[in-house]
Amino acid sequence: MQKNFSWPTESSNVLTVDLTRVAPSLHNRYVLRLRDRISKESRSLKVIAGNQLEISNDALPGPANQTVAWVDEIYPDGESKPLTPRVRVDALKHVAQLERWLRQPAQAATHAEAARMLETLTTWECFGDSEWQSRLVRIVNDVLRRLQRIHRIPSHSRLALLCELYPLQAAYSDSVPGNVMVSLTVMKELHAVLERHGASTQREIFHVTSPSEGPVSDSLRADLRDLLETSLAFNNPSTSSRMMRGQVLSVLEGRTAALREFRAALSSGQQLVKSLYLDMGSFTYGLPETIAGAKNVPIAWHGAEIPEATTGTILYSANIEFLRRYMARILFYACAEPELHLHFHLVASDAEARAFIREAEELSRTIHGFSHRTSMPPSLSWSSSQLPAEVGNPITYFACARYLVAGQVMDKFGTDVWVQDVDLYPTSPISQAGTALSRFDVVLAASSGINMLAPWRRYIANSVYISRSEKGRAFAKNAAQYISAFLDEPDSWMLDQNALDWAVEKAPAGTSIGNMRALDIQLTQSAMNGSIES
């Protein structure tokens with residue numbers, strides 16, 4: 001592996017090689033070798049770790065923009081061997097240790113342990129290639145996922161010490177290691193702030209822009225402001241810090257201020273945001289008012305029968321391939337609660353939809369007959385629409401289509417709709433939940449703790465009840481408008497959850513919004529979804 005150095009412009013006449021951040025404990029003496037790619041002439045100069053070396057253009061064997069530099073290590077016998085392969089081996093050992101060390105980020109650690117881990121990050125900053133960076137990203141993703149389940153970060157935990165020590169030894173930058181450390185530090189700080197205000201374990205609605213709740217408390221607002229000012233003072237340029245500021249600003253000041261930070265982050269760090277994954281929702285966060293309204297999805301209805309004595313409709317949308325994975329399980333539970341009305345909106349051609357419906361209805365009869373139940377078989381209805389040509393990500397559309405057709409389903413059956421993910425299943429009867437849900441215009445799962453800050457994690461789209469009241473219909477229309485505005489975006493993960501945040505913001509005065517979690521409705525996802533869907 002070679003460590004390349006280059007010039008900002010072809011007219012530059014000085015090459016500066018900065019070795020001040022190479023860990024002296026790993027490497028002591030180097031040769032800087034300059035090679036002209038055209039003439040193949042080679043020259044060598046000795047340099048010492050921890051210093052800077054400047055070489056004028058006239059000492060170079062060729063034009064600056066055609067010269068490559070890399071570092072070799074000098075051994076006592078005078079032999080020169082490439083340095084970076086050895087750095088790679090050493091660093092990978094450190095990475096393996098870091099992965100093991102951070103698997104339990106809340107466990108106690110010593111400063112010496114943390115300092116050893118920092119050496120790994122410093123080496124990465126100097127010599128890291130895309131493979132190393134990818135591995136580091138996986139580490140931070142794993143830690144962040146674990147932190148989502150930890151409500152309190154102990155002051156002497158491994159994560160706390162790592163975050164405290166890193167700024168002392170290497171300044172934050174917009175590199176992958178720098179953004180990793182910002183992510184971990186911000187997570188630690190936000191956990192601490194929200195814990196002080198009782199937000200980490202709050203199960204009622206705790207969303208500061210909800211129309212059913214008052215504004216943020218003055219003390220929480222002050223703490224979040226302090227966090228913003230600290231970020232601006234110490235790590236203003238990094239992508240992760242901009243993402244954090246945008247999330248906090250979405251709570252304190254609103255959509256316009258938040259959007260400014262998200263756009264600044266994406267302008268320079270799109271690939272980083274994609275690799276860290278957690279903030280992919282920033283790609284579809286915006287102001288849909290400047291874009292045309294929701295388009296009416298042309299629906300084909302399959303079967304004209306309207307279920308009798310139905311007060312609500314459970315609404316799914318999916319492509320046929322995904323629905324095949326879960327259809328048998330949906331029907332199994334539907335047989336246990338025959339009073340439920342299930343409507344499936346298929347994103348498929350008319351012919352494909354009709355063929356699948358024949359299979360699914362035969363499967364429903366088979367499961368019902370095999371169980372020897374005396375009750376009626378599951379109540380099913382069907383519709384379909386084709387995938388629009390302008391859609392940037394078909395998978396996003398499959399999930400979002402239920403919100404685009406919700407109003408038409410209400411009109412068709414004269415019922416409220418309960419939007420659900422295809423991969424959800426009940427762990428206790430849900431047929432009686434309609435009584436609790438019908439007290440509200442809208443019911444959705446409101447996130448608490450740190451997840452309430454990100455607009456795309458603030459409300460969860462897998463289980464949302466929308467009444468056919470005037471205010472419920474307005475909510476559905478606003479969500480559909482938002483989704484329509486961003487359907488051409490290829491990186492559109494979490495679009496439906498951004499749409500819910502927008503619909504809450506735009507909800508008419510007096511809209512009653514309930515929290516699905518506070519109602520304790522027992523719907524869950526299987527831990528083996530990956531195996532089911534493969």
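The values are calculated or read from the model by the stated rules, or taken from the named source; none is laboratory data. Please read all numbers here as calculations on a predicted model, not as lab measurements. Reconstructed Cβ throughout: ideal geometry from the backbone, glycine too, with neighbour counts over all protein chains shown. These accessible areas exclude ligands, DNA and RNA; they are computed on the full protein's heavy atoms, side chains included. Shrake-Rupley method; radii C 1.70, N 1.55, O 1.52, S 1.80 Å.
Remarks
- In plain terms, the chain from T256 to E390 could stretch by 45.6 nm, reckoned as 0.36 nm per residue minus the Cα-Cα distance.
- Signed unit charges on C-beta, dipole axis of region 467-534, positive-most listed residue I521, N498, A509: A509
- Shape analysis of region 420-485 based on the Cα gyration tensor places the equivalent ellipsoid semi-axes at 20, 18, 12 Å, largest first.
- Accessible surface comparison of S130, S467, probe 1.4 Å, protein chains only, largest first: the order is S130, S467.
- I139 sits with roughly 10 Å² accessible to a 1.4 Å probe, with DNA, RNA and ligands left out of the calculation.
- Once the chain from A328 to A527 is taken as fully extended at 0.36 nm per residue, the excess over their C-alpha distance is 69.9 nm.
- Principal axis extents of the Cα atoms in region 414-534, from largest to smallest and rounded to whole angstrom, are 43, 39, 33.
- Using a Förster distance of 30 Å, the FRET efficiency for D226-R263 (Cβ separation, nearest 0.05): 0.80
- Against the empirical 2.2 N^0.38 Å (N residues), region 381-473 has a Cα radius of gyration ratio of 1.20.
- Theoretical gain in end-to-end length, T435 to S534 [0.36 nm per residue, Cα-Cα removed]: 31.9 nm
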